Structures are given as structure tokens and as C-alpha cells.
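Presented below is the structure to which this report refers.
What follows draws every value from the coordinates through simple rules; no lab data is involved. All of these numbers come straight from a predicted model, not from anything done at the bench. Using ideal geometry, Cβ is built from the backbone for each residue, glycine included, and neighbour counts are taken over all protein chains shown.
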Amino acid sequence: MNYQPFLNKTAIVTGAANGIGFAIAQHLVAEGANVVVNDLDHKAAAAAVIKLNAGHEVQAYAFPGDAGDPAFIEKMVDFAANITNSQLEMVVANAGLTEFGDFFDFTPESFAKVVNLNLRGTFFLCQAAARQMRDQSSGGNIVLIGSNVGARAYPNLAAYGMSKAGISMLAKQLTLPLGPLGISVNCVAPGATLTERTEQEEPDYAGVWAKLNPNGKVGKPEDVATTVAFMLNPAARHITGQTLLVDGGWTAYAPSPFFLREQAEDQPTAAPARNGTVLKTRNMEMVK
Ligand SMILES: NC(=O)c1ccc[n+]([C@@H]2O[C@H](COP(=O)([O-])OP(=O)(O)OC[C@H]3O[C@@H](n4cnc5c(N)ncnc54)[C@H](O)[C@@H]3O)[C@@H](O)[C@H]2O)c1
């Protein structure tokens, strides 16, 4: 018989109506899990659940609301734990938002938005889920969604990058209170991933990032979803406190005088290609 580690287990995925979160929910449903599909957008959450449940018995449950609000998060965890036998085995803190802006003009309002969802929401989702996992005394598995921008500076993303680096640190910190309870916490950090949102931001998103990533490809939501599933698998239980980048090698290379020389010779920025030659791409600033 096939190994089915997620069969009849319960997961929460926040921000799961679209993009990476939806791909994670889809992967877990396909592997037999019950999935609480959270999203701020009520209509989109309902539509996602219809798609996820098509052709089989109900496994996806919409629970729309603000994943940055601790009171809402507690209700969501209670809801999830009541789907089957008071058990919640998996949580994916995926909801996160990006506010671009020049450092000198960045407003307290934009800063609060980023921190409220990315840091406060992620922290209190971990807390509520871990309390539930502690009480059910069968352990659990938490995956936080970080970003390559939490590992490398990127134009106009100081607050976002800071928040994602904080998420990566949270995974390390939580090994101490949660390790003894059998709860793993890891961070999966996507690089540039083609989603409905990123395509809106840059129409040639796939083309640009295929050139900037050393593996010559843009990330797809499924690339992140399969990595999250690996981290959630009980077979990976000894991995905790880690950040795994899913970025086509983007964070592996650093700017060098070589790129500057190429830029001076031929205007556009240069990035390494798979075959060791140099690709001419548009200026990074244009990618945002
Ligand atoms: N797409 C990328 O290139 C990329 C790269 C690195 C990291 N990430 C991270 O991956 C995660 C998912 O990214 P994405 O591009 O798929 O996201 P997205 O911007 O497309 O948003 C996904 C969903 O989150 C929902 N959402 C927004 N605010 C919410 C809130 N307060 N509560 C609940 N849901 C909310 C949106 O309605 C949307 O359906 C984020 O944490 C993001 O920072 C994405």
C-alpha cells in the first residue's frame, strides 16, 4: 500500500484562495488531508473550496478572515481542530503581504500593514496552533512561508525583507518551546514565483526571472507546495528550525565587479546563465 502521511489529517493554510497558498492546499487535499482554506477575500475562499472539493468528498473548508488578527486566528484553530477528533496536525502560515516603497518615503501605515500580517499573524498563528497541538499531545508540524527577500537585500523592500527575516528567526526560536512537544517548525522561503499577483506587477515576470535565476526558470506555486509537503511529512520530523530556499539559485550568487563591467558595456544588468555565459537582462529596478 502507498504511504499516505496526510490521509485524514487536518491542516490550516492561510491566504490559500490564490497563488502559493492555493497550490499548497491543492497538494494536501490531493494527498487526503482535510484543509482549512483561510483567506481575507471571502468570495475567493469560497470559490477555492469549490475547486478543491470538485469530484470527491468534502476535504476543503473555507474559513475566511484576517490572518493578522489573533482573535480570529484562535477561532480558526478551534474550527480546524473540530473537523476530526480534536486534532490539528499541520499549519502553513502562508498569508503575507508585500509593500514596495522607497525607504525614505515609507509610511507608518505601510509598515503596520506588513508587520501586522507577516509578523503578528504568523507569530500568533504559531501560538494558537501550538497550544492546540500541545493539548492533543500528538505533536504537529508547522511551516512558515518566508521569502528570498528575507535572505538578501532587494530594492524597495526593506520592511518586507525585515519581516521575512523575522519569520525565519521565529522558526529557530520556536524549536526551544515546541521541540520537546514533538512540534516541528520550519520556514520555506520562495524566490520569485509566478502567481496571479506577481504577474500583475510585471507582465513579463516569467521571462525576467527566468533570466535572473541561475537555473534559468521562474518558480511556480507547485515548486513551493511540494517543498512545503516535504517539510510537513512526518518522515521529515527531525528537521526543525530550518529555512529552505526555493528560489532557482537566486540567493546563491552575489553581485560582482564582473556584472558591473558587463552592465557598463551593454546597459542592461547581467546575470549568470546555466551554461556559465552571461545573459543580458533588464535592470533589476524594473523588476521591482
Ligand atoms: N509570489 C512570490 O513571488 C513570493 C516570493 C517570496 C515569498 N512569497 C510569499 O509567499 C506567500 C504567498 O504569496 P503569493 O504571491 O501566493 O500571495 P498573494 O499576494 O497572491 O496572496 C495570496 C492570498 O492571500 C490573501 N490575503 C491577503 N491578506 C490576507 C490576510 N490579512 N488574511 C488572510 N489572507 C490574506 C489574498 O487575498 C490572496 O488570496 C506570501 O507570504 C508571500 O510573501 C511570495
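Before moving on, here are some points about what is shown:
- Projecting the Cα atoms of I145, P155, G101 onto the charge dipole of region 10-253 (Cβ charges, centred on the Cα centre) puts I145 farthest toward the positive pole.
- Exposure proxy ranking, count of Cβ atoms within 10 Å, fewest first, for M76, M162: M162, M76
- 27 Å Cα-Cα threshold exceeded, pairs from K43/K220; K51/K113; K172/K217; K75/K113: K51/K113; K172/K217
- Basic side chains Lys and Arg get +1 at the Cβ, acidic Asp and Glu get -1 at the Cβ, and with that the dipole of region 1-103 about its Cα centre reaches some 360 debye.
- DSSP bridge pairs, the chain: antiparallel proportion in percent, nearest 5: 15
- Given charges at beta-carbon only (K, R positive; D, E negative), |dipole| of the chain in Debye: 660
- Size of charge dipole - region 49-133 - debye, nearest 20, with Cβ of Lys, Arg +1 and Asp, Glu -1, no other charges: 260
- Length-normalised contact order of the chain in % [C-alpha pairs under 8 Å, at least 6 apart]: 16
- Of the residues V77, Q263, N8, the one whose Cα sits farthest toward the positive end of the charge dipole of the chain, with +1 on the Cβ of Lys and Arg and -1 on the Cβ of Asp and Glu, is N8.
- Helix 257-266 vs. the chain, principal-axis angle (Cα, 0 to 90°, nearest 10): 60
- The chain: most fluctuating residue of E89, E196, E31 per GNM, C-alpha cutoff 10 Å: E196
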